[in-house]
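Heads up: the structure comes next, in structure tokens.
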């Protein structure tokens, strides 16, 4: 199946990035948010990202104009009725995602593939509310989407070979490297990342070293682009806590149990860069 028209449900940080990348690679892209205010925020986010790419010479004015012409914004899911692929990028709440999938199953054409950008939730459970389970899979992009070169495809219990191959081919047309994981909480990247981040917080609580020295040790000792506390602030402490709780619920493994310090910081609103304060402060 050839994908020509892509739908993106949600135009937050991830959804806007996914929509931008699809349009920049020549796909007609319909983006849906729940109200006009969020639509305008999403538009502004995409515009700002494309302006930066234009200024840095990574996008020509002709490419900019063409990509923008391929984007359509709406507050109605019914506008997904002609999409060949719809990527859900709403908040990490299973009941909300299942409701979106129920509606998309009703609205989209029978051949359409439905994908979720979830970073940890079950693809099989989302697929269970549809009548097209073989055509449902995970398509996990990484932030910032226009820059990060990876897509993690997640195969649900009933995802077909054909669906996986169409998604793989589509991801490559976006210039992304593709990896494939089975449907287990955290998939590949977060399955390995979350225990590392939680361990860093635990050892900070135990007084091993300052957060600055731990970050510097990981950057210079392991050649990582950023240390765990800088990365936690970038990902979002609330997002990290959500993923950790989901994984602990599934595995009951103490490696995924969130440290008290992480819970306290989230409760205090110290969410990282997006709130202006996490392990570090941001102006």
What shape does the stretch 63-221 have by the C-alpha gyration tensor, where a ≥ b ≥ c are the square roots of the eigenvalues, rounded means a/c under 1.5, and otherwise prolate means a/b greater than b/c and oblate the rest? prolate
At 222 nm, what helix-only mean residue ellipticity would the chain give, in deg cm²/dmol to the nearest 500, using -39500 (n - 2.57) for each DSSP H run of four or more? -14500 deg cm²/dmol
For a quick protection proxy, order the peptides 253-259, 185-191 by their average other-Cβ count within 10 Å, most packed first. 185-191, 253-259
Using alpha carbons only, how many degrees (0 to 90, rounded to 10) separate the axis of helix 13-24 from the longest principal axis of the chain? 40
Under the rule rounded for a/c under 1.5, else prolate if a/b exceeds b/c, else oblate, using alpha carbon gyration tensor axes a ≥ b ≥ c, the stretch 149-274 is classed as prolate
Plugging the Kirkwood radius over Cα pairs into Stokes-Einstein for the chain, at a temperature of 10 °C and a viscosity of 1.306 mPa s, what D comes out in µm²/s? 81
Determine the relative contact order of the stretch 158-283: mean sequence separation of Cα pairs under 8 Å and six or more apart, normalised by residue count, in whole percent. 22
Computed curve, the stretch 224-283, Cα-only Debye sum without solvent term, log₁₀ I(q)/I(0) at 0.23 Å⁻¹, is -0.89
Need one number: convex hull volume per residue for the stretch 108-147, Cα atoms only, in Å³. 75
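Over all distinct alpha-carbon pairs, what is the Kirkwood Rh of the stretch 37-102 in angstrom? If you can, show how the numbers build up before the last one.
Details: mean 1/r = 0.0706 Å⁻¹.
Over the stretch 37-102, the inverse of the mean reciprocal pair distance is 14.2 Å.
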Kindly state, to the nearest 0.05, the FRET efficiency for residue 69 paired with residue 192, given R0 = 45 Å and r defined as their beta-carbon distance. 0.65
Which distance in Å, rounded to a whole number, links the C-alpha centroids of the stretch 1-74 and the stretch 97-115? 21
Can you work out the FRET efficiency for the pair residue 99 and residue 223, with r the C-beta to C-beta distance and R0 = 41 Å, to the nearest 0.05? 0.40
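Shape verdict for the stretch 3-63, please, from the Cα gyration tensor: rounded (a/c under 1.5), prolate (a/b greater than b/c) or oblate.
On the way: a/c = 2.55, a/b = 1.31, b/c = 1.95.
Oblate.
Throughout, read-outs are computed from the coordinates displayed, never taken from laboratory work. On a predicted model such as this, the values are computed, not experimentally measured, just so you know. As a convention, Cβ positions derive from the backbone with ideal geometry for all residues, glycine included, and neighbour counts pool all protein chains shown.
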